[in-house]
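A short worksheet on the structure shown next.
Derivation of every value follows stated rules applied to the coordinates shown; laboratory data play no part. For clarity, every value in this text was computed on a predicted model and none was experimentally measured. All Cβ positions, glycine included, derive from the backbone under ideal geometry; neighbour counts span all protein chains shown.
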Amino acid sequence: MLRSTFARTRLALILASTLPGLCVPLLASGAEQPAAQKHHFNIAPGSLISVLNRFAEQSGVFLAGHNDLAADRRSPGLVGDYTEQQALRRLLQGSGVQAQAQNSGGYVLRAAPSATGPLELDATTVSGKHLGAITEGTQAYTTGQTSSATGLPLSLRETPQSVTVITRQQLDDQGATGIADILRRAPGISVQNYDSERWEFSSRGAPITNFQYDGVNTDYDGVYDYGTTSTDMAPYDRVEIIKGATGLMTGSGDPSATVNLIRKRPTEAFKASVSGTVGSWDNARSEADIGGPLTADGQLRGRFVGVLQQRSAYADHYRNDKDIAYGILEADLSPDTLLSVGFDQQNTRSRGASWTGFPMFHSDGSRTHFSRSFNPATDWSRRDFSNQTLFAALTRQLASDWTFKLSYDRKHRQHDTLLGSASGGNPDPVSGDGMFLYMGRFQGDEVQDNFDLNISGPFSLFGREHQLLAGFMSMNTRQDIPVYGSVYPALGGSIFDWRGEFAKPDIPQVGRDDIRQRQTGAYLATRLKPTDDLALILGGRVSDFSASDHLDYSDPTRADVRDGYRQSGVLTPYAGVVYDLDDRYSLYSSYTRIYQPQMSKDASRQVLDPVQGSSLEAGVKAEYFDGRLNAGFAVFRIEQDNIAEYVSGFDSESVYRPVQGATTKGFEFELAGELHEGWNLSAGYAFNHTRDAKGEPVYGAILQTTAPEQIVRVFSSYRLPGAWQNLTVGAGVSWQSEFFGNVFQPDPADTDNGDHNVRITQDSYYLVDAMARYRFNEHLSTTLNVKNLLDTTYYTGLGNFGTGFYGEPRNVQLTTRWDF
């Protein structure tokens, strides 16, 4: 205790004034290193002085240095079990300060030289790149820390669930500009299309409905979408995908996965880039990104990201435009208080947008053979999305390493949709006659307010140090929806001559729908450390759910609709255990409850009961090369009741039935990170088997398809050595097993037009991607991406109103970037 107190006092004295420094990686000398004993650290981000003081307190390590060395610099903090050397390396990352070990013990802090080099530890040389939570600038395919699963900042190995992280480097390497681009290549995730604008993402055999932005929940409607599945990736540092149920942090325990998009933050030093992309189907995209300090002392920092994009598609008469603006400010109100405020505006406009796909059968029951360029949409058919988010967060470092955080998030989302799509009916195989159009007008205006307050920090019990997180959240969503009628006019000609030309209808408003949803929850999570090798993560959430759906028709003779639900005191328990076998391998297991309210209705127009069940997972995790390569193997079992399965109808009049006893069993393997200097890999295999109580497959609530049972995702990039070090090459393979959908097949012999749903199968298929990047100098680089290199033809959607939808053909894009 005396040594710890002395270290803190010493640091406070020697690091008292200001001195600008260069931001270079941490270096250390080859002097004799202290024993590699691990300590548990819980150090919040903050000024470098306060962070190093807390390091000295928690480790008992003596630190010495020079005056002015750490003033006006920040550190990302640290949570987890590390040796002194590992902890110092991560705390000093990007600070321009190095820690030099002394033969007599302790460290001396020195200004790092401008030249970078390797860090030598225990006769093992590793790269000078070190991982924290932020992935930008690390050139890594993994991260050092995540809190998406439990709210506690843990390494991937310390988290008792499967976690997939798509880093900024991987996003850039794969040329992924939209959320669908990256999720269709993410381990364990499958993607299917409703139509030209909407996608359904699935994991562990079930659709993903939990989407977060910086850990804040957002309301997701898989039918109208509000543009969630069109989110542009430019403002984001990484995507964290937590597999399995996450009711502790989301309230509704979706058993598939939670997708958490983490925004970019302001940089400590000036950093800016501009890029331009050209590609297939007249794709033109420009992007600018600038960040850095806004005041001389660096206590106010900002960042702005802007995007403009215009593109066509492989489908005829289709056009999509988007504009993105993202800005954030961070202010150090004091050495222990950080305020962040920002906005995110994403606008997307599409013309020639389809409503479902193309018919799968001719009128005589034979299969159709439409080309991939066929677009059933009219040339005026459109989907316009506008999404605006305002957010703020206040973080305060309290005494004894406790942290208080208050955050607020307000989303305003709008969609304006007028659709016409020649997708109805079954054409005559010779004349092409017999088709009709789905036509409809849809609008929506949604405002969502999210509030979260939590406090976290260490506490002592039975002579051991543990962690605690306690908080309260509320989410309020209000939707104002004008209701229009739908019309289904006959095409009046051959579908084989279709060019998208059809008169635009005048669709009158028939009513107004007012939807209110509210969720509140108090949550508690603790990480107990009974021994150095054992960690128990226990938690729970008590939630209240309520919703009302008031549909008022303009026609007084038509009955208005009043639906809703209210559930109070819903308990979602969470339990996890992690046992370290050694410094590399850990065993883990976790359990949580599934509870998900829903608004789907049965044939009697009654709202279905909430989906309920449980999710159990167990496995082994490993970390190599100081955490720069992470591996995991998991087995899981999911049990659910009351899953909504589509029966018949259209949109708000659709009829669903509750599926009982749905069980999913499976396993996953994933490897992500750096295999060798400059060689990155993201690879995964997932298997799931889902059946109901009768042993039958479980179809989706909207798309009448199953999810593929097996998925393989592999992507790797390699920066060549020596004279070719400016060249990086990469390739990826995505494979998935067969899936099938229910589609109506006409039977000319049946004059009663009976039910003739048949199973359409998309056989297993694989897609190959390739990339190459050449860096001409420290400022200029060019990246070539080729997606679906072999031009594979496949269905990516089946069963939506009995139609099919093709996946994207070969796509080439070239991006040139200038870094300032």
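Just a few scattered comments:
- Between His550, Phe385, Phe62, the Cα set farthest toward the positive side of the dipole of the chain (charges on each charged residue's Cβ, about the Cα centre) is that of Phe62.
- Overall shape: prolate for the range 164-215, with the ratio a/c of the largest to smallest alpha carbon gyration tensor axis at 1.5 or above and a/b above b/c.
- Here the chain is assigned +1 on the Cβ of each Lys and Arg and -1 on the Cβ of each Asp and Glu. Its dipole about the Cα centre then comes out at about 1940 debye.
- Gain on full stretching of the segment that runs from Leu300 to Thr816 - 0.36 nm per residue minus C-alpha separation: 182.7 nm
- Sorting Leu675, Leu437, Leu608, Leu52 by the number of Cβ atoms found within 10 Å of their own Cβ, with the fewest placed first, yields Leu675, Leu608, Leu437, Leu52.
- Dimensionless Rg ratio for the range 548-600, taking C-alpha atoms and the 2.2 N^0.38 Å reference: 2.32
- Take the convex hull of the alpha carbons in the range 753-808; its mean projected area over all directions comes to 5.9 nm².
- Unsatisfied cross-links (Cα-Cα over 29 Å) in the set Lys405/Lys665; Lys243/Lys694; Lys264/Lys411: Lys405/Lys665
- Considering helices alone, the calculated mean residue ellipticity of the chain at 222 nm is -1500 deg cm²/dmol, with DSSP H runs of length four and up weighted by -39500 (n - 2.57) and normalised per residue.
- Exposure proxy shown here: for Phe374, Phe270, Phe715, the number of other Cβ atoms within 10 Å sets the order, fewest to most, as Phe270, Phe374, Phe715.
- q = 0.20 Å⁻¹, the range 684-820: log10 I(q)/I(0) [Debye, one scatterer per Cα]: -1.17
- Under Karplus coefficients 6.51, -1.76 and 1.60, residue-wise ³J(HN,Hα) of the range 411-427 in Hz, glycine/proline x: 10, 10, 10, 9, 9, 10, 10, 10, 10, x, 9, 7, 10, x, x, 9, x
- In this Cβ point-charge picture (+1 for Lys and Arg, -1 for Asp and Glu), the range 521-665 has a dipole of about 220 debye about its Cα centre.
- Applying the Karplus relation 6.51 cos²θ - 1.76 cosθ + 1.60 with θ = phi - 60° to the range 159-168 yields 3J(HN,Hα) values of 8, x, 8, 6, 10, 10, 10, 9, 7, 4 Hz, where x marks Gly and Pro.
- Ranked packing of 338-346, 476-484, 175-183, most packed first, by mean Cβ within 10 Å: 175-183, 338-346, 476-484
- Backbone N under 13 Å from the Thr793 label point (7 Å along Cα→Cβ), restricted to the range 365-394: 368-374
- With neighbour counts taken as other beta-carbon atoms within 10 Å, the residues Lys243, Lys601, Lys405 rank, fewest first, as Lys405, Lys601, Lys243.
- Modelled FRET efficiency - R0 51 Å, Asn757 with Phe459, Cβ distances, 0.05 increments: 0.30
- Structural size metrics of the chain, computed from C-alpha coordinates, are Rg and Dmax of 27.6, 95 Å.
- Annotation: amide H of Gly205 has no partner in the under-5 Å range at sequence separation 5 or more or interchain, hydrogens built in the peptide plane.
- Note on the range 399-470: percent of Cα-Cα distances in each 10 Å bin, starting at 0 and stopping at the bin with the largest distance, equals 14, 19, 15, 13, 12, 12, 10, 5, 0.
- Cα-based helix-to-principal-axis angle, 48-59 vs the chain, degrees rounded to 10: 80 degrees
- Cα gyration tensor shape of the range 152-268, rounded if a/c is under 1.5, else prolate or oblate by comparing a/b with b/c: rounded
- C-alpha long axis of helix 2-14 to longest principal axis of the chain, angle in °: 80 degrees
- Couplings 3J(HN,Hα) of the range 509-525, computed from phi: 6, 10, x, 8, 10, 10, 10, 10, 9, 9, 9, 10, x, 10, 10, 8, 9 Hz, in residue order, whole Hz [Karplus 6.51 cos²θ - 1.76 cosθ + 1.60, θ = phi - 60°; x for Gly and Pro].
- All aspartates and glutamates inside 14 Å of Lys504 as judged from Cα atoms, apart from same-chain residues fewer than 8 positions distant: Asp379
- Between the residues Tyr438, Gln169, Ala707, the greatest Cα displacement towards the positive end of the dipole of the chain, with unit charges on the Cβ of Lys, Arg, Asp and Glu, is found for Gln169.
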